[in-house]
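Everything on this sheet refers to the single structure shown next.
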């Protein structure tokens, strides 16, 4: 099937990530989209960088304006950033009838009204999932997933730099200035961090979310913006004594007489899930009148997480342009002829870690017998506790956590362990998942 | 604009919720969908119940089969449940060229392959957002939001009953049987709780997620299913000592030689966000190769949360059928001519709670002066701590949390407080949000 041709403007971090992911997952993405998505031309001032990133697989130009008018290009992906040239390019692309996908929150927060009006007039799509919370599909949730609801408010941790700094200030009790330096060293903060730490970036994203939640135009210049640079470590400590965490939240609320739109450090009860979002992660909490609270969490920045959102928009456009309008989004996510008959593994082949509890006689040599059996089955132990038996209690509990093991190995070990005379009841066996990668 | 006509099969909890939300949010939903969505006919064996729920605003019939063939009906919403009559009705509806929206996870997990094949052949849509995790738009995230990714695994708390029971067992140290009784009394568990507590319901939902994550057919009969009825309170306690929580997880993983598909109680590190999902809430953690981990959280059951998902599917169908294919999903979620010019409120009108820190002379009467000023501004105090001053330290800190207050009131109070001679530096003022409703 004819590929959909993408013109990529800017091949920096996110552009490079988009290229990498589209290439690596080409088969999977085509199975979902119904047709291949191909970056056919890349515009970047730095042609050498572009050459390295694309390894000669795409046409390279240094003039982005030639791409937005290129008749072969179906979708323009704008990853140049800023609100000057980027605005001109996006408007030109629309004028030429191109669909546009962008990660540029500043551009949309400031010039979104103009851009969306132009796009509506031309009948083209503007995808901007990547503009808010990186790879977290929060724009799709608001535009499509929660359409039944009167949205009441949104509260979001939508800037990773500031959340990283606040997490570190709390963890280590250090002042803002010191943690900022560490964040800069680690690459979590820019050399000039103003945009992030003063809340401007969060306000751009909040402005976009407020518009699609409440059906209002972008009104960035009416947002109240306060950052974290004045925040003192002492207040984080006092807040904690009172049961609260301090997060930089973007908050927008529907009130009777208007909409609140504000970014500022905020105390939130520590028992809320969003209060436990640490490091450079993002999370958005949305309150709808029917659904109640829903939360969306993930990486808010970085090459591939942001590319994930850019490509989701590209797939949306590709699906929109398939021949069969009723099948835009395939029932099972993949096109019906692209399903695979991958087998479900039998339980014996499942690989996980295990929690074992053994009721045993409290006597010497028991642990040696058990660990010998586990070693024979190639099962290695990650942690162990042994309950102190009560006075005159002849038996005790041994609890063990194993490293990754196959189910059939643990089953074999358990059969042998239960046959030991010192083991007094069936072994309790639970599975354990680290869920970290 | 011509309304889209819905035939509703079954007006129990979710059906009633769907009717209520569609009615209450009619204006908002129409602004998003581009045309009204109207329940034109309701089929229920209990006509009296149906009459009460719809208050005479829809045609009522007791024969659901007459609805699926009704030429006036555009979309059939199946909320009858079960896998017998529901299957016949859905297949008949498809045969008649109707789009179908269903919350029936058992039906899809068991007969999904047949149903989706029939729907593909007829060119109709099957919406099933409500089948997994209630109002949380996880189906949309998997089918559309994460299309760039090779999904590696999914781990979900997708049954509220069992999560409620596990939360209570841990909180109160009570055995399963006792907590189950409490859950039944509170309406969190059915009289016959087997389906929930033995993991069958979770396995239905997991089967559906695995299919759309990996592009495989539904294979419910190959799932390994283990519930929580055998779980002992002691193991929850031991797990906690080792830094883990026990949750009933649905887990599906892509391995080299196949797919793991399993539901069982699982230890997970307590520092993971998903380990802190308490009570009857649902959460799904998805690991994609590009985006990393993303998490989706919210109410997994109940009339209006489930209705939220049903209606989102209805809006998807309605948008799909608008005249202008490029504008299926409006840029700003609402149709361009349905935006509203709601004003952004000035900061002075913002209403929130406040954290105040005051550096004051450690002498009698200070607190009286300050609380008097707050009372004059109608600001009431929710909590207060006063730091014990060090030896020979003439000053101390007072920290206060206020109840809901308007920004202009707090500003006025701060001006007066800072004018007190006993107050030694600018008042630190942070905002506080409970984020609970």
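Quick rundown of the values:
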item: In region A:376-423, the residues that are in a loop (DSSP other than H, G, I, E, B) and at pLDDT below 95; result: A:387, A:388, A:389, A:390, A:391, A:392, A:393, A:394
item: In region B:272-281, residue surrounded by the fewest Cβ atoms within 10 Å (Cβ to Cβ) [restricted to those that are part of a loop (DSSP other than H, G, I, E, B) and touching a residue at least 24 places away in the same chain (Cβ under 8 Å)]; result: B:279
item: Members of region B:1-24 found to be under 20 Å from residue A:288 (Cβ atoms) and in contact (Cβ under 8 Å) with a residue 12 or more places away in the chain, listed by number; result: B:13, B:14, B:15, B:16, B:17, B:18, B:19, B:20, B:21, B:22, B:23
item: Pick from region A:174-193, criterion touching a helix residue (DSSP H, G or I) at 6+ places or on another chain (Cβ under 7 Å) and either at pLDDT 95 or above or assigned to a helix (DSSP H, G or I) (or both), ranking: farthest from residue B:348 (Cα to Cα); result: A:182
item: Some residue of region B:325-346 being out of contact with any helix residue (DSSP H, G or I) (no Cβ under 8 Å at 6 or more places or on another chain) and more than 10 Å from every other protein chain (Cβ to nearest Cβ); result: no
item: Given (1) within 14 Å of another protein chain (Cβ to nearest Cβ); (2) without any contact (Cβ under 8 Å) to a residue 24 or more places away in the chain; (3) outside any helix (DSSP H, G or I), number of the condition residue B:56 does not satisfy; result: (1)
item: Selection count, region B:227-241, where residues are out of contact with any helix residue (DSSP H, G or I) (no Cβ under 6 Å at 6 or more places or on another chain) and assigned to a helix (DSSP H, G or I); result: 7
item: Residues of region B:252-281 that turn out to be closer than 26 Å to residue B:177 by Cβ and at the interface with chain A (Cβ under 8 Å from one of its Cβ atoms), as a count; result: 8
item: Any hit, region B:88-111, residues being surrounded by fewer than 21 Cβ atoms within 10 Å (Cβ to Cβ), within 14 Å of another protein chain (Cβ to nearest Cβ) and on the phi < 0 side of the Ramachandran plot; result: yes
item: Residues of region B:216-226 satisfying the condition of being free of Cβ contacts under 8 Å to residues at least 60 places away in the same chain, within 8 Å of chain A (Cβ to nearest Cβ) and touching a helix residue (DSSP H, G or I) at 6+ places or on another chain (Cβ under 6 Å); result: B:223, B:224
item: Qualifying position, being in contact with a helix residue (DSSP H, G or I) (Cβ under 8 Å, 6 or more places away or on another chain), assigned to a helix (DSSP H, G or I), farther than 21 Å from residue B:119 by Cβ and more than 7 Å from every other protein chain (Cβ to nearest Cβ), among A:317, A:310, A:284; result: A:310
item: Subset of region A:386-437 that is closer than 20 Å to residue B:239 by Cβ, surrounded by 13 or more Cβ atoms within 10 Å (Cβ to Cβ) and without any contact (Cβ under 8 Å) to a residue 24 or more places away in the chain - its residue that is nearest to the other protein chains (Cβ to nearest Cβ); result: A:435
item: Qualifying residue in region A:359-375 (condition: at the interface with another protein chain (Cβ under 8 Å from one of its Cβ atoms), in a loop (DSSP other than H, G, I, E, B), touching a strand residue (DSSP E or B) at 6+ places or on another chain (Cβ under 9 Å) and over 30 Å from residue A:277 (Cβ atoms)); result: no
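Okay, residues lined up against (1) surrounded by fewer than 24 Cβ atoms within 10 Å (Cβ to Cβ); (2) touching a strand residue (DSSP E or B) at 6+ places or on another chain (Cβ under 9 Å); (3) more than 10 Å from chain B (Cβ to nearest Cβ):
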{"position": "A:164", "(1), (2), (3)": "yes, yes, yes"}
{"position": "A:182", "(1), (2), (3)": "yes, no, yes"}
{"position": "A:204", "(1), (2), (3)": "no, no, yes"}
{"position": "A:211", "(1), (2), (3)": "no, yes, no"}
{"position": "A:238", "(1), (2), (3)": "yes, yes, no"}
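Per-residue answers, yes or no, for (1) assigned to a helix (DSSP H, G or I); (2) outside the structural domain of residue B:211 (by TED's automatic domain parsing):
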{"position": "B:67", "(1), (2)": "yes, yes"}
{"position": "B:70", "(1), (2)": "no, yes"}
{"position": "B:92", "(1), (2)": "yes, yes"}
{"position": "B:100", "(1), (2)": "no, yes"}
{"position": "B:109", "(1), (2)": "yes, yes"}
{"position": "B:112", "(1), (2)": "yes, yes"}
{"position": "B:115", "(1), (2)": "yes, yes"}
{"position": "B:124", "(1), (2)": "no, yes"}
{"position": "B:142", "(1), (2)": "yes, no"}
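The values are calculated or read from the model by the stated rules, or taken from the named source; none is laboratory data. For clarity, every value in this text was computed on a predicted model and none was experimentally measured. For neighbour counting, all protein chains shown are included, and Cβ atoms are generated from backbone atoms with ideal geometry for every residue, glycine included.
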